[in-house]
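The values are calculated or read from the model by the stated rules, or taken from the named source; none is laboratory data. Note that the structure is predicted; figures quoted are calculated from it, not measured. Neighbour counts run over all protein chains shown; Cβ positions are idealised from the backbone, glycine included. Each accessible area value is taken on the protein alone, full model and side chains, heavy atoms only, with ligands, DNA and RNA left out. Shrake-Rupley method; radii C 1.70, N 1.55, O 1.52, S 1.80 Å.
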4 protein chains.
Amino acid sequence: MTRGRPRDTAIEGRLLAAAAEELRHGGYDGLSIDRVAERAGVAKTTLYRRWASKAELVVALIAMMREEIPFEPSDDPRADLTALVTAIAAGLSETPTTLIADLAAAAAREPRVGESVRALWAERHGAVTAVVAKAQEAGLVLDHVAPALLVDQLVGPLYYRLLVTQEPLTPEYARTLVLSVLGPEESP
Amino acid sequence: MTRGRPRDTAIEGRLLAAAAEELRHGGYDGLSIDRVAERAGVAKTTLYRRWASKAELVVALIAMMREEIPFEPSDDPRADLTALVTAIAAGLSETPTTLIADLAAAAAREPRVGESVRALWAERHGAVTAVVAKAQEAGLVLDHVAPALLVDQLVGPLYYRLLVTQEPLTPEYARTLVLSVLGPEESP
Amino acid sequence: MTRGRPRDTAIEGRLLAAAAEELRHGGYDGLSIDRVAERAGVAKTTLYRRWASKAELVVALIAMMREEIPFEPSDDPRADLTALVTAIAAGLSETPTTLIADLAAAAAREPRVGESVRALWAERHGAVTAVVAKAQEAGLVLDHVAPALLVDQLVGPLYYRLLVTQEPLTPEYARTLVLSVLGPEESP
Amino acid sequence: MTRGRPRDTAIEGRLLAAAAEELRHGGYDGLSIDRVAERAGVAKTTLYRRWASKAELVVALIAMMREEIPFEPSDDPRADLTALVTAIAAGLSETPTTLIADLAAAAAREPRVGESVRALWAERHGAVTAVVAKAQEAGLVLDHVAPALLVDQLVGPLYYRLLVTQEPLTPEYARTLVLSVLGPEESP
DNA sequence: GAGTAAGCGAGACGGTACGTCGAGTCTTGGT
DNA sequence: ACCAAGACTCGACGTACCGTCTCGCTTACTC
């Protein structure tokens, strides 16, 4: 089975890098296919050979962004949770709000993008779910609520503040979130 | 001292109706200013005289869409809270997700829109804050957390589910949210 | 009857001038819509508002290029005919051949263009028909053939040479054409 | 000293056949190299190994089209001429106008194509020239005009009608053309 | 009969142009 | 002032085609 000229693998990287750069600035709408191609030193057709549309390009871009966040759970779920939520808050704070908002918007518009974005965030929040479950087992949390809900109440407010009320995501805020969910530490 | 021809008040309604219809179909992106104007039998200029941009138009549209939720606080904060959160969840579910997402994106990009959108949402969540404060006074909630945070944990997860995980906002979910924050009802 | 903002009449001229310049260089194929628009300092959409396609633009261009050939018939049909045919030959010689050929091709393909091009050429050859008829009335030509046919035999060979044999259209050639149709002048 | 794998001679035929088919439909512009290759079940490279460009391919195609039209001159030049012109008119009528027009356009654009097309047509009209010369020798035509011009006046109007006025080429028209050039038959 | 040069299929690639669409601004004439 | 109509700019989108290129495989001539 002949295969024809193989794709230049370097191009894909250059293209995604260029797209990432564009996305960082103008957000989803500000990302121009023409500019991405030009920036990557590539013909527009070459880009379209890889991704059928702007949305698909962003899907790939996001998939690429998923960096493994190595997390080592300790024996102290409370500390773990605080660390995790603080880290997520920090990550969100560093990223331009417009980008995250545009991403959410694109996810709502384009099913394929939504899929990809959900996968990305699921991965990002996976550790939280695990630690919450562990905390509940350890009796640190009342078991009248599902762990998934607790995760929502830990992470959800971050996005809520970011996208809705546009208030700052301080480490302090992250800490009080955990405090509210786990309750005050008992002094022995 | 107004001078010149007064605005045709009927136009505003037709325009918003047309925009609503457009929005229901194609979402935020599918809403074309040209089409809205044409559908309303109105010149584009006339539309722009009322709202400076597509985003502003949608802001107004949303503002119109929100029904005044006359809320009469009862003696039972728990019941009140459940009713409120359920109502908010229902409202969000009815509105196309793209709309809310794009609104958040526009809010992040343009300060003017952000202001307007924040005001809208603040108004919407105001009752929740009041009831939460009341519940805390009544000793229903532990006072180790600020009431504002509790509101975030009641309302935030709704937006989180909507925009991030894209899971459905059922009344059941709203109820468990309240349950998680207030704790299980004590039987006397 | 409201009319809206009137077209900027200056634009049309700039556009046609730019197109003419482009045409002079690269020929029909070398004429790029984008470049024409840019050269005229005008948005591409503005160009497309006037002409639906490249072909239509060129039709208009040709129509503009044709000078009104004010023709005053004298008493001498032979002289008139010679003048007319020579003028037509000269006109064809001045215009790039590719242009005329592509015009004919576009005319064959698209009815709309065909219509326009036929009208242009009909106008151009109208005077010939008139003079031929007059010559026939004056007994200068045998009446065994319809005047329309004689016109074809006077003008047709010009296009034939231009498009088919690609031989030059000299004034000498034009003269012999007339000579062949009218026969040699009788010396009294 | 030929080395390496010899060319597959069958390919050339399939390619030309495919190209002919394409040309018959969309004309010169509608002929797409990619489609021709695909239709012939051949890689584009293989096509380009034979002809350096689209123009060259069409050149070859046209050269192939030149069928020898065996013509046996009789003793009656008038009858011969009528037969010839009628045959040419019929041939032109059968061929799609767009094809001929596009061919003329391509001939004007691409020198190499022009060369080939001229050769084709010269061959097609060669017999006419011969018979006209013979008629002139026989005193059937006045000798004040060159035979080449008479040919132009016999054949030119056909192309003129086809490409310019877009009027039908009837056998009747062909007959009157001859009649006009030779004059009415003298009854002895 | 093993090498090897060329032919071949498949398809990537750069480049250029096309025609369309949407947002927002601007310019008329008319109310 | 307001309104209708519509021209205008800017910038993006996705498609089509041409001609070049790079693979891996195949074929026949040559040594």
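So the values come out like this:
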item	result
Net charge of Cβ neighbours under 10 Å - reference D:ALA19; Lys, Arg +1; Asp, Glu -1	+3
HN-Hα J in Hz across region C:44-50 - Karplus 6.51, -1.76, 1.60, θ = phi - 60°, x for Gly and Pro	4, 4, 5, 5, 5, 5, 8
Gap separating the Cα centres of region C:115-168 and region A:15-83, nearest whole Å	68
With Cα atoms, 0 to 90° folded angle of helix D:171-182 axis to chain D main axis	50
Summed buried accessible surface, chains D and C, 1.4 Å probe, nearest 100 Å²	3200
Helical contribution to [θ] at 222 nm, DSSP H n ≥ 4, -39,500 (n - 2.57), averaged over the protein assembly as shown, rounded to 500	-22500 deg cm²/dmol
Surface accessible to a 1.4 Å probe, per residue, for the residues of region A:9-64, Å²	46
Rg(Cα)/(2.2 N^0.38 Å) for chain B, N = residue count	1.22
Once exposed loop GluC sites (Glu not before Pro) are cut out (DSSP; at most 12 other Cβ, 10 Å), longest piece of chain A	A:69-184
Ascending list, in nanometres, of distances separating the D:ARG5 label from those of the other copies (7 Å, Cα toward Cβ)	1.9, 6.2, 7.8
Per-residue average of Cβ from other chains inside 10 Å of B:105-112	6
In degrees, nearest ten, helix D:77-94 long axis to first principal axis of chain D (Cα)	40
Carbon and sulfur %, accessible surface of region C:9-64 computed with the full protein complex present, 1.4 Å	51
Other copies of C:ILE33: label-to-label distances in nm, shortest first, labels 7 Å along the beta-carbon direction	1.7, 2.3, 2.4
Region D:69-182 - accessible surface per residue (Å², probe 1.4 Å)	41
0 to 90° range, to nearest 10: angle between helix B:9-30 axis and chain B longest Cα axis	70
Label 7 Å beyond Cα on the Cβ vector: A:GLY139 copy-to-copy distances, nm	2.7, 13.6, 13.7
Minimum Cβ-to-axis distance in chain A for the rotation onto chain C, with residue, whole Å	A:ASP34, 7
Cα centre as origin, Lys/Arg/Asp/Glu Cβ charges: region C:9-64 dipole, Debye	120
Averaged over B:144-153, number of beta-carbon atoms from partner chains that fall within 10 Å	5
Average beta carbon contacts from partner chains per residue of D:86-99, 10 Å cutoff	1
Net charge of neighbours whose Cβ lies under 12 Å from the Cβ of A:VAL181, counting Lys and Arg as +1 and Asp and Glu as -1	0
Counted charge near A:SER93, where neighbours are those whose Cβ lies closer than 12 Å (Asp, Glu -1; Lys, Arg +1)	-1
Calculated log₁₀ intensity ratio I(q)/I(0) where the Debye formula runs over C-alpha points of region A:9-64, q = 0.21, 0.28 Å⁻¹	-0.65, -1.25
Spatially proximal lysines relative to A:LYS54 (Cα-Cα < 21 Å; intrachain offsets below 8 disregarded)	A:LYS44
Ellipsoid semi-axes in whole angstrom, largest first, where each is sqrt(5λ) of the Cα gyration tensor of the protein assembly as shown	83, 32, 18
Calculated Rg and Dmax of region B:54-148 using C-alpha coordinates, Å	15.4, 46
Region A:46-93, dipole about Cα centre (Lys/Arg Cβ +1, Asp/Glu Cβ -1), debye to the nearest 20	560
